[in-house]
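Working notes, structure below.
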Amino acid sequence: QVQLVESGGGLVQPGGSLRLSCAASGSFFSIHHMGWYRQAPGKERELVAAITSGGTPTYADSVKGRFTISRDNAKNTVYLQMISLKPEDTAVYYCNANIRTSPLFSAMDYWGKGTLVTVSS
C-alpha cells in the first residue's frame, strides 16, 4: 500500500521560510510527477507546484520566485522550499504523486493527509 507522508509545516512570521517534505513509502513500481497543492479555509484546493520525474518544475503564478520544488528520486521524496511567506500562503498543504504500483497497472494519483502552514505575526 502506498503512503505519502508530509512534514515540515508550522507557524511562521510573514517574510519567513519553511521547507516541506513528502516521502512516498510502500510497494510501487515507479513514481511519475509529484507536486504540492494547498487549500485555504473556504477555498478550493489549488496547485502550488509540480515536478516531473525528470525534474522539470511548474509553479502557480502566486508563488513564482518564492517557492522552489525539488525531488530526490533515490529517497522517493519531494520538497517544497518556501521563502518570503505571506499571510495568504496560510493553508493546508497536500502532497500529490502519480504512482504506478505495478507495470501491469496504470499510474494513479495518491495524496498525503496534509500539513498546516500558518503565516502570521
Would you point out the residue of the stretch 47-72, among those that are open to solvent by 70 Å² or more (accessible area, probe 1.4 Å) and in a loop (DSSP other than H, G, I, E, B), that is farthest from LEU116 (Cα to Cα)? GLY54
If you go through the stretch 73-80 one residue at a time, do you hit one that is among the basic types (Lys, Arg), open to solvent by less than 60 Å² (accessible area, probe 1.4 Å) and touching a residue at least 12 places away in the same chain (Cβ under 8 Å)? no
Note on the stretch 91-114: residues surrounded by fewer than 20 Cβ atoms within 10 Å (Cβ to Cβ), over 21 Å from THR52 (Cα atoms) and modelled with pLDDT of 95 or more are VAL92, LYS113
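The values are calculated or read from the model by the stated rules, or taken from the named source; none is laboratory data. Bear in mind the structure is a predicted one, so any value in this text is a computation, not a measurement. For neighbour counting, all protein chains shown are included, and Cβ atoms are generated from backbone atoms with ideal geometry for every residue, glycine included. Heavy atoms of the whole protein, side chains included, go into the accessibility calculation; ligands, DNA and RNA do not. Shrake-Rupley method; radii C 1.70, N 1.55, O 1.52, S 1.80 Å.
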